[in-house]
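Step one of this worksheet: look at the structure below.
The values are calculated or read from the model by the stated rules, or taken from the named source; none is laboratory data. Only a predicted model underlies this, so the values are computations on that prediction, with no experimental measurement involved. All Cβ positions, even for glycine, are placed from backbone atoms using ideal geometry, and neighbour counts span all protein chains on display. Accessible surface is based on the protein model in full, side chains and every heavy atom, while ligands, DNA and RNA are left aside. Shrake-Rupley method; radii C 1.70, N 1.55, O 1.52, S 1.80 Å.
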Amino acid sequence: MNPRLLWEPNKTEDKTMANTYTQLQVHLVFAVAGRENLIPEYFREDLERYISGYARNKGVRLLALFCNPDHTHILIGYRPDLVLSDFVKDLKVTTNKFVNANLVLKGKFAWQTGYGAFSICPFDRQKVIDYILNQPFHHKNKVFLDEYKELLRTANVEYEDEYLFE
């Protein structure tokens, strides 16, 4: 295995299309409902381990992950038979249950409705990994809402401010 890669590209197991090769990677971003700071530092690693296990069980390669107090960034590599929206929906549902069962909060923990998903070029993978793993540094000068809008603008995603978050 190449030491600079967290995983090696695989031949896709697709019986309907022999010799199919893919390298699908996406940067996922989603926020805590109300953008509240509900993920404490002492719980971050537990949540990240849970997300990592969930991804592994779904056959998704986790390339980078960082849970901020109010939002999460995940870079995944996945097979073409994965329905990305189903994966994210199920990930959010199961992590809601995990957080509520393992973290004492005044109310119930929940993720916001929706998410951001940004496809990346394999040549930019290390740059995105570094960006995700250096989240505390980025947020010394930029709040999540500004970061998210910048990601949307950079990816040429049209949006309206009033619909970004509930």
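Below, the figures for the structure above:
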| quantity | calculated |
| --- | --- |
| Residue list for region 144-157, filter: touching a helix residue (DSSP H, G or I) at 6+ places or on another chain (Cβ under 9 Å) and more than 13 Å from Val29 (Cα to Cα) | Val157 |
| Pairs with Cβ under 7 Å, 6+ apart, first in region 56-81 and on the phi > 0 side of the Ramachandran plot, second modelled with pLDDT under 95 and part of a loop (DSSP other than H, G, I, E, B) | Gly59/Arg79 |
| Candidates Asp81, Asp86, Asp124 - the one that is within 19 Å of Val32 (Cα to Cα), acidic (Asp, Glu) and open to solvent by 50 Å² or more (accessible area, probe 1.4 Å) | Asp86 |
| Selection within region 100-112 - free of Cβ contacts under 8 Å to residues at least 60 places away in the same chain, within 17 Å of Arg35 (Cα to Cα) and surrounded by 12 or more Cβ atoms within 10 Å (Cβ to Cβ) | Asn100 |
| Hits in region 100-156 (condition: among the β-branched types (Val, Ile, Thr), within 22 Å of Gln23 (Cα to Cα) and over 16 Å from the mean Cα position of the chain (by Cα)) | Thr154 |
| In region 140-159, residue modelled with the highest pLDDT [restricted to those that are open to solvent by 100 Å² or more (accessible area, probe 1.4 Å) and in a loop (DSSP other than H, G, I, E, B)] | Glu158 |
| Number of positions in region 44-64 that are touching a helix residue (DSSP H, G or I) at 6+ places or on another chain (Cβ under 8 Å) and either loosely packed, with under 14 Cβ neighbours inside 10 Å or farther than 14 Å from Phe87 by Cβ (or both) | 5 |
| Flag for Phe137 being of a type in the set (Phe, Trp, Tyr) and assigned to a helix (DSSP H, G or I) | yes |
| Residues that are among the charged types (D, E, K, R), under 20 Å from Phe118 (Cβ atoms) and in a helix (DSSP H, G or I), drawn from region 49-89 | Asp86, Lys89 |
| Among (1) within 18 Å of Lys89 (Cβ to Cβ); (2) open to solvent by 40 Å² or more (accessible area, probe 1.4 Å), the one test that Ala33 misses | (2) |
| Verdict on Thr94 being in a loop (DSSP other than H, G, I, E, B), at pLDDT 85 or above and of a type outside the set (Phe, Trp, Tyr) | no |
| Failed criterion for Met17 (all others in (1) at pLDDT below 95; (2) within 23 Å of Phe144 (Cα to Cα) hold) | (2) |
| Which numbered condition Leu28 misses (of (1) under 20 Å from Phe118 (Cα atoms); (2) open to solvent by less than 10 Å² (accessible area, probe 1.4 Å); (3) of a type outside the set (Val, Ile, Thr); (4) part of a helix (DSSP H, G or I)) | (4) |
